[in-house]
Amino acid sequence: MLLIADSGSTKTDWRLVDANGTVHAIQTDGFNPYYQTATQMAVTLQAQLIPYLNGAIVTNVFFYGTGCTGPAVNHIVADALQDVLPGLQQVEVNSDMLGAARAVAGHQSGIACILGTGSNACCYDGSQLIRGIQSLGFWLGDEGSGGYLGKTLVRDFFQERLPIELREAFQGRYALDRPTLLENAYQKPFPNRYFAAFTPFLSDHLAHPYIVDLVANAFSLFLTTYVKRFPEADVWPVHFVGSIAYYFAQPLQLAVEQTGLTMGTILKAPAEQLVDFHKNG
């Protein structure tokens, strides 16, 4: 039995491959070894994952997750998995960035990018990551992400840079005032998620020239700031994983072409392709 996980801080998408090769989808809460102990993770796994395995003996687990940045923290996830899955023969814990790369590029070399609530990019040799960027998070980076797009939209609204028709539509939809904005931006946790929640407004008005420019500029900034700096960018295709890449595929492809890069694959989520990667060796 093979078990594969694509985990964020909010949710984890699991794929169980049974002895017949049938794939079963399971979803649990997310995990992050920077904020949870192995014991806490094991409690969640026991409650949310184990009941759906129906007594299956899992022998191999490949876990890709946010916060899984190296051996110092990866062992926390591995310990939790070994605690609740006593039949394990192999457990590998890797970063969500490696999961994204393996999903979009398989065993081929390429540049893999995550464009979701946050953003990231790396160079991948068909097996492992060989070059990456130092992500500075929401306030100092994440260009091109859902958080960045939402932040740009909200800023332009309050600074009266939105065209009047968009400004009226935004106010009618959200009725957002300055105190509420600042509370969510600076006092409440996860400001990136808060601002990313405004991206449906962008997708709903994507035909408007102002929105086209806003989105295109954000993607171009991401590509020029990070991807173009990789020496491999001149010859390797650039792949994308994440909801922002998926729902804004058309302006993203245009930005890739205008930046002189080669467009690769766009995936909303990597779980299914990770199954293929590991089943096919």
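The numbers here are math on the coordinates, done by the rules we state, and not lab data. Owing to the predicted nature of the structure, the values given are computational and were not obtained by experimental measurement. Methodologically, a virtual Cβ is constructed for each residue, glycine included, from the backbone with ideal geometry; neighbour enumeration extends over all protein chains shown.
Numbers at a glance
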quantity	calculated
Amide H within-cut-off set for residue 230, under 5 Å, with H built and near neighbours excluded	none
³J(HN,Hα), Karplus 6.51/-1.76/1.60, whole Hz, each residue of segment 223-235, x for Gly, Pro	5, 6, 6, 10, 5, 5, 6, 6, x, 6, 4, 6, 10
Placed amide H near residue 95: partners under 5 Å, 5+ positions off or other chain	65
Estimated [θ] at 222 nm from DSSP helical runs (n ≥ 4, -39500 (n - 2.57)) normalised by residues in the chain, nearest 500	-13000 deg cm²/dmol
For segment 74-80, 3J(HN,Hα) per residue [Karplus equation, 6.51 cos²θ - 1.76 cosθ + 1.60, θ = phi - 60°, Hz, x = Gly/Pro]	4, 5, 5, 5, 4, 4, 5
Interchain or long-range residues, amide H under 5 Å from residue 31's placed H	8
Most to least packed among 182-188, 91-97 [average Cβ atoms within 10 Å]	91-97, 182-188
DSSP-defined beta bridges in the chain - what % are antiparallel, rounded to 5	50 percent
Farthest toward positive dipole pole in segment 108-268 [+1 Lys/Arg, -1 Asp/Glu at C-beta], among 127, 222, 252	127
Tally of Lys pairs whose C-alpha atoms are under 23 Å apart, taken over the chain, 8 or more apart or cross-chain	6
³J(HN,Hα), Karplus 6.51/-1.76/1.60, whole Hz, each residue of segment 48-55, x for Gly, Pro	10, 9, 3, x, 8, 7, 6, x
Check: the chain dipole with +1 on Lys, Arg Cβ and -1 on Asp, Glu Cβ, in debye	240 debye
Net charge of neighbours whose Cβ lies under 12 Å from the Cβ of residue 225, counting Lys and Arg as +1 and Asp and Glu as -1	0
Protection-proxy order for peptides 233-240, 260-267, 113-120, each taking the mean of Cβ atoms within 10 Å per residue, highest first	113-120, 233-240, 260-267
Largest-first principal axis extents, alpha carbons of the chain, Å	62, 45, 33
